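The values are calculated or read from the model by the stated rules, or taken from the named source; none is laboratory data. This is a predicted model, so every value here is computed, not measured. No Cβ is skipped: glycine too gets one built from the backbone with ideal geometry, and neighbour counts run over all protein chains shown. Surface areas here come from the heavy atoms of the whole protein model, side chains and all, with no ligands, DNA or RNA. Shrake-Rupley method; radii C 1.70, N 1.55, O 1.52, S 1.80 Å.
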Amino acid sequence: MNRRRVTVVAAAAGVVAGATGLGLLAMPAGAGPAPVLPDVSAEALVESVLNAEPAAFGGTVDVDNDLGIPAIAGVPQASDGASNLRVWTDGQGKLRVQLPGGDSERTFVDDGQTAWLWDSAEQTVKKMPHGAFEQHKPELGGEQQAVPTDPVTLSRQVVAAIQEYSDVTVDGTARVANRPVYELVLTPKPTEKTVLREVRVAVDSELRVPLRVAVLTNGTDAPAMQVGFSELNVGPQDASLFAFTPPAGAKVTEPEVDEPSAEDKAAAEQAFTEANPQVIGEGWDVVLAARVPDDALTGLADAQREQGQREGRWQERGEGGDVDVQGLIKQLGKQVSGDWGSGTLITTRVGGVLIADDGRVAAGAVPEQVLVDAIGQVK
């Protein structure tokens, strides 16, 4: 796949990801009776969330996704399912994340100067610069592609995006990882058009930092996705957790960081111009839109095919063994048409993506009509 195609695919993936942007964080309620805590205002809790900073902690994060993304033959169902990971941080940039997978595990360690990514199944280690976690998070998470590790930052981003467009209340107390919390609830104002019902943020009563975020959709009390601490140890962590020595016999590589050439930069700028990403609407109604060239969809399908072939799972083919891009898209959704044109609507519990046959794409946590209205504005 050429670099220009990679750039365009990345832009397209960003648009599609917007369909579940608010649905990426949630967490099950804690067990046991609700604790009795002093009264606190919703405004004070919002302020705590917006000003909270990550601190030193160690804990286990459980993830349970139920976004309702349709299954498709030959393509892994990356978004639904349960998993867990262990996270430690010193609050100053040092980090350790372990993601178990059967008899193996992937481990990321950043000691403050150097980062390491260890894959026990492959017996490989990647040596990288400090601060490389975000860039290499997909490799750590495998097919899940997004490994939530910092509820403080994630909660702050969600609350900052929607508080102005929400009715904000405090809905009692609960326990998360055996710690007492306040339940901060953000509900869309009546003028908002969204398939989401509310966002719930559990704020630690002592530390005043978010320990959980829950997103619920209309028509069901079951969270679309659950992410959160089942165990949490707040405070300084053992320094040895942030040290790493490659195991004996492991293959160590150090990926080169190439400075983009003038040609690559020009191709990226052209790809961005062609995609013409747009943000339509505000708050809960926001829709991310773009125009995705055919070669970007082909490149995305090629990447899926290559991964599937490696794992013996790819089945979809078009004529001559090529990937049937349109066929894959149509399997995922229903065919729709109107004054705006025609295309495929893919719906999940947390929103939808409308992909027009001419390459326009609109995605958001909104009903179908909002996507239709938005895609008509895509230039």
- Note on the structure: Per the list (1) within 19 Å of the chain's Cα centre (by Cα); (2) modelled with pLDDT of 75 or more, residue check on GLY14 breaks on (2)
- Looking at ASP258, ASP285, which one is modelled with pLDDT under 70 and of a type outside the set (Ser, Thr, Tyr)? ASP258
- Pair list, Cβ < 9 Å and 6+ apart or interchain, from the range 34-52 residues that are under 20 Å from VAL152 (Cβ atoms) to residues that are part of a helix (DSSP H, G or I) and aliphatic (A, V, I, L, M): VAL46/VAL159; VAL49/VAL152; VAL49/VAL158; VAL49/VAL159; VAL49/ALA160; LEU50/VAL159; LEU50/ALA160; ALA52/VAL152
- Note on the structure: In the range 247-283, anything free of Cβ contacts under 8 Å to residues at least 60 places away in the same chain, open to solvent by less than 60 Å² (accessible area, probe 1.4 Å) and among the polar types (S, T, N, Q) is listed as SER261
- Specify the residue that is most open to solvent (accessible area, probe 1.4 Å); the eligible residues are those in the range 38-67 that are in a loop (DSSP other than H, G, I, E, B) and at pLDDT below 90. GLU53
- Counting only residues that are surrounded by fewer than 24 Cβ atoms within 10 Å (Cβ to Cβ) and in a loop (DSSP other than H, G, I, E, B), the range 350-368 contains a total of 4
- Scan the range 232-246 for residues that are assigned to a helix (DSSP H, G or I) and surrounded by 10 or more Cβ atoms within 10 Å (Cβ to Cβ) and jot them down. ALA239, LEU241, PHE242
